[in-house]
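K.L.:
Next up is a structure, given as structure tokens.
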Amino acid sequence: MIIVLKPGSSDADIEDVSRRVKGMGFKTHLSRGDVRTIVGVVGDDRAKEQLLALQSLDCVETVVRILQPFKLASREAHPDDTQFKVHGVPIGGTQLVVMAGPCSVESRPQLMAVAEGVKAGGAHVLRGGAFKPRTSPYGFQGLEEEGLKLLSEASKATGLPVVTEVMEPDKVEVVAQHADILQIGARNVQNFSLLKRVAECGKPVLLKRGMSTSIQEWLLAAEYVLAGGNPNVILCERGIRTFETSTRYTLDLNAIPVVKKLSHLPILVDPSHGTGHWEYVSAMSKAGLAAGADGLIIEVHNNPAEALSDGPQSLKPDRFAKLMAELRPLAQVLGRSL
Ligand code: PEP
Ligand code: MN
């Protein structure tokens, strides 16, 4: 349920409504729009009658049942787009965000070369995996904590905030010490204990769509993080499994306008995992932005032929810079900036 307050409601009105709702055993989430404030009611909706009675308060315009199963993630509960900053980098406004870097952190020289390369190309956030979810147990599993330290070093050297994946609840604390954004990978989107743990860590969360996750399931995964008290969730479409084998996955561009309609959360596109081939990354980056994405996350490697993971889908730094130069005028046409 949401309680929509009348325009011009005072802080005391908001406080009064929140207190009454909490008194019924619910949690509240405030959404202050330009005109209206909405009090989101989180918890079991069965005490509906009690909540509906709040309609009799002078400051309440209406009490509405949210029809979507995801409540806090829904646009009904939060009509304005979510926007926030990560170390001064805007996420979710008219300014597009580009996160770029290697699939895996492999060594200091590799990470530094790629970090400097993506910074020169105009990236806003450095990506790089230290804990790697690999399909094969024989694949490179990541440098783990050593990789996190290298990411911190690269972040200091370039001034770029860092996004990196966390795979286990017990590692959330150490990853959060080094990362500015915690990535939940496609394979962990429904790892509910991990979602609850990242909800508590206070850092923004980049939540990738699972390769077989419906949009509703994905938004319910986001709901775990929001309901756990962390409002800073960034969604990321990274391709879903279909019958098509010419590309690694099928980048579901439909998901962008659908998510924009259903949710207020910012959404990025990952054309690297979405296609699996560097030659298609440029076209799908442009398509993703044209479809309304708030930014991109792109794999870049200084020597893709020898990369320890995802070399075939990685751009070299010069190709990344060329792509960024092509995206700038596109952003302008779309009424965004880059
Ligand atoms: C990655 O970003 O390197 C990664 C493993 O992504 P995904 O979870 O989308 O496969
Ligand atoms: Mn990868």
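A short reminder: the numbers here are calculations on the coordinates, not readings from a lab. None of the values given here were measured: they were computed from a predicted structure. For neighbour counting, all protein chains shown are included, and Cβ atoms are generated from backbone atoms with ideal geometry for every residue, glycine included.
K.L.:
For Asp34 and Glu153 in one chain, what is 0.36 nm times their gap in residues minus the Cα-Cα distance, to one decimal in nm?
P.N.:
Numbers: separation 119, 0.36 × 119 = 42.84 nm, distance 4.01 nm.
Full extension from Asp34 to Glu153 adds 38.8 nm.
K.L.:
Within a 10 angstrom radius of the beta carbon, how do Cys236, Cys201, Cys103 rank from fewest other beta carbons to most? Walk me through the numbers on the way to the answer.
P.N.:
Working: Cys236 27, Cys201 19, Cys103 24.
Fewest to most other Cβ atoms nearby, the residues stand as Cys201, Cys103, Cys236.
K.L.:
Report, please, the projected area of region 2-64 averaged over directions, based on the convex hull of its C-alpha atoms, in nm². Before the final figure, lay out each step's value.
P.N.:
Numbers: hull surface 14.5 nm².
Taking the Cα atoms of region 2-64, their convex hull projects to 3.6 nm² on average.
K.L.:
Can you put Thr37, Thr213, Thr242 in order, fewest other beta carbons within 10 Å first?
P.N.:
Numbers: Thr37 21, Thr213 18, Thr242 11.
With the fewest neighbours first, Thr37, Thr213, Thr242 line up as Thr242, Thr213, Thr37.
K.L.:
Give the angle, between 0 and 90 degrees and rounded to the nearest 10, that separates the Cα long axis of helix 108-121 from the longest principal axis of the Cα atoms of the chain.
P.N.:
The two axes meet at around 70 degrees.
K.L.:
Let me ask another. Report, please, the projected area of region 49-128 averaged over directions, based on the convex hull of its C-alpha atoms, in nm².
P.N.:
Details: hull surface 36.0 nm².
Averaging across all directions leaves 9.0 nm² for the Cα convex hull.
K.L.:
In square nanometres and to one decimal, what's the mean projected area of the convex hull around the Cα atoms of the chain? Don't jump to the answer; show the numbers that get you there.
P.N.:
Working: hull surface 69.4 nm².
The number I arrive at for the chain is 17.3 nm².
K.L.:
Build a GNM of the chain with springs between Cα atoms under 10 Å: which of Ala113, Ala293, Ala47 gets the top mean-square fluctuation?
P.N.:
Its mean-square fluctuation being the largest, the pick is Ala47.
K.L.:
A further question follows. Using a 7 Å offset from the Cα along the Cα-to-Cβ direction at both Arg187 and Ala305, what is the distance between the two label points in nm, to one decimal?
P.N.:
Calculated label separation equals 2.9 nm.
K.L.:
Follow-up. Helix 11-23 sits at what angle to the longest principal axis of the chain, using alpha carbons and giving 0 to 90 degrees rounded to 10?
P.N.:
90 degrees
K.L.:
When DSSP assigns beta bridges and you keep just the ones with both residues in region 84-333, what percent turn out antiparallel, to the nearest 5? Walk me through the numbers on the way to the answer.
P.N.:
Numbers: 4 of 30 bridges.
If we restrict to bridges inside region 84-333, about 15 percent are antiparallel.
K.L.:
Right, next: Counting other beta carbons within 10 Å of each Cβ, put Asp252, Asp34, Asp81 in order, fewest first. Can you show the working numbers first?
P.N.:
On the way: Asp252 18, Asp34 7, Asp81 15.
Lowest to highest Cβ neighbour count: Asp34, Asp81, Asp252.
K.L.:
Using the charge dipole of region 2-64 (Lys, Arg: +1 at Cβ; Asp, Glu: -1 at Cβ; taken about the Cα centre), state which of Val42, Leu52, Ser10 has its Cα farthest towards the positive end.
P.N.:
So the residue we want is Val42.
K.L.:
Relative contact order of region 74-167, please, whole-number percent, based on alpha carbon pairs below 8 angstrom and at least 6 residues apart. Working shown, then result.
P.N.:
Details: 134 pairs, mean separation 25.4, N = 94.
Relative contact order of region 74-167: 27 percent.
K.L.:
Taking 8 Å as the Cα distance limit and 6 or more residues as the minimum spacing, I'd like the relative contact order of the chain as a percentage. Mind showing how you got there, number by number?
P.N.:
On the way: 717 pairs, mean separation 54.1, N = 338.
Contact order relative to length: 16 percent.
K.L.:
Also, I was wondering about something else. If I build a Gaussian network model for the chain, linking alpha-carbon pairs within less than 10 angstrom, which residue out of Gln216, Gln110, Gln50 has the largest mean-square fluctuation?
P.N.:
Maximum fluctuation in the GNM of the chain, among the listed residues, is at Gln50.
K.L.:
Between Ser246, Ser272, Ser193, where does the largest GNM mean-square fluctuation fall for the chain, given springs only between Cα atoms within less than 10 Å?
P.N.:
Ser246
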